[in-house]
Amino acid sequence: MRALMLSLALLLTANVPSFAADVVNGETLAKRWCASCHLVSEDQRKGSDLVPSFASIASRPDFDEDKLAAFLLEPHPKMESMALSRIETRNIAAFIAEQKRR
Ligand code: HEC
């Protein structure tokens, strides 16, 4: 029970990007693979209106960095399959989490 409480406490404070993820690498990957459709960061001006920006994705109430990383491993119907590695998806998810509007 103690261990459970502890991991719960850790989860609640885990609003900071995971230690393993590399946000800078995530940004590089996002700009290479995602920027043709998504607005990946604030300094990008052009994207498609039909595609959610990363800032809006990160600002969703149910946003979850781990779920996002898992989502990116699956082929997405409207997204070309990108064949990202597990580490790459974690890095991109961490980068997207950083885009949350403050
Ligand atoms: C070819 C265009 C295209 C590319 C490239 C692309 N996306 Fe998408 N993405 C879309 C579209 C279109 C949607 C909206 C799909 C929908 O509403 O079903 C979407 C939706 C999403 C969503 C939201 C899913 C949801 O829950 O609504 C995420 C997260 C996402 N993309 C992440 C990424 C990431 C990360 C990359 C780069 C690794 C990427 N996308 C590259 C077109 C693209």
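Laboratory data are not the source of any read-out in this text; all were calculated from the coordinates shown. Just so we're clear, the structure is a prediction, and the values are computed from it rather than from any experiment. Every residue, glycine among them, receives a Cβ derived from its backbone with ideal geometry; neighbour counts consider all protein chains shown.
Spin-label model, Arg45/Glu74: points 7 Å from Cα along the beta carbon direction are separated by 3.7 nm.
Computed from backbone phi with θ = phi - 60° and the Karplus coefficients 6.51, -1.76 and 1.60, the 3J(HN,Hα) list for segment 64-70 is 9, 4, 5, 5, 5, 4, 5 Hz; x is used for glycine and proline. For Lys46, list the aspartates and glutamates whose Cα falls under 17 Å from its own Cα; do not include residues on the same chain fewer than 8 positions away. By straight Cα distance, Lys46 reaches Glu27.
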